[in-house]
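The values are calculated or read from the model by the stated rules, or taken from the named source; none is laboratory data. None of these values were measured; they are calculated from a predicted model. For neighbour counting, all protein chains shown are included, and Cβ atoms are generated from backbone atoms with ideal geometry for every residue, glycine included. Heavy atoms of the whole protein, side chains included, go into the accessibility calculation; ligands, DNA and RNA do not. Shrake-Rupley method; radii C 1.70, N 1.55, O 1.52, S 1.80 Å.
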Amino acid sequence: MMEVEKSSRHSKITGDFAERLILYWLSKYGFECAMVDHVGLDIIARNSRTKELMGISVKSRSRNIGKEGQYVHIPNDHFDKVQEACRAFDCVPYMAVVVDQEHDIHAFITSMEHFLSLFPRRDTSAGWKMTKAWIERYEKDPQVIYFRFKHETLNWWK
């Protein structure tokens, strides 16, 4: 696998991509949803099956070679911002995590309550683990929505 040199704006572009990927996937499966520009929230979505109104914060990472499996660090104060925004919009707090590593783009959606039951806040943060064992665990967890894409760059500039 070739080493990738990312652009100076890659972090921002990764975040935008992840938000739109989650929005697209929810829409594809019948959720009424919209992007929002609010502290703590990225998407508001109505679950088409349960009718629950979800306030979703999307966190994303693009991992370099050798950094696969690193957890996604989320500062404690972010969870407070999500809860506050969800109170304002009368919706249930959710977290979405999107990680591009090696040949996979992983996407997870779960309630913030379940997220914090798996990974309670520590001194300054909580983190979504991305080891192979944890990914296998998420696959079996009925409270974690999980989808992934396999990707391969077949030809690129030399």
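Summary table below
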quantity	calculated
Using a Förster distance of 30 Å, the FRET efficiency for Y24-N76 (Cβ separation, nearest 0.05)	0.50
Computed magnitude of the charge dipole of region 26-126 (debye, nearest 20; Cβ of K, R +1, Cβ of D, E -1)	140 debye
Local electrostatic count, V82, Cβ distance below 13 Å [Lys/Arg +1, Asp/Glu -1]	-1
Straight-distance crosslink candidates among lysines, where the alpha carbon sits under 30 Å from K140 and sequence neighbours closer than 8 are dropped	K28, K51, K59, K67, K81, K129, K132, K150
Highest-fluctuation residue, P142, P75, P120 considered, GNM on the chain with Cα pairs under 10 Å	P142
Length-normalised contact order for the chain - Cα pairs under 8 Å, 6+ apart - percent	20 percent
Length released on extending from K6 to V36, taking residue separation times 0.36 nm less the Cα-Cα span	8.1 nm
Per residue accessible area of region 1-144, 1.4 Å probe, in Å²	57 Å²
Rounded percent of accessible protein surface that carbon and sulfur make up, the chain, 1.4 Å probe	51 percent
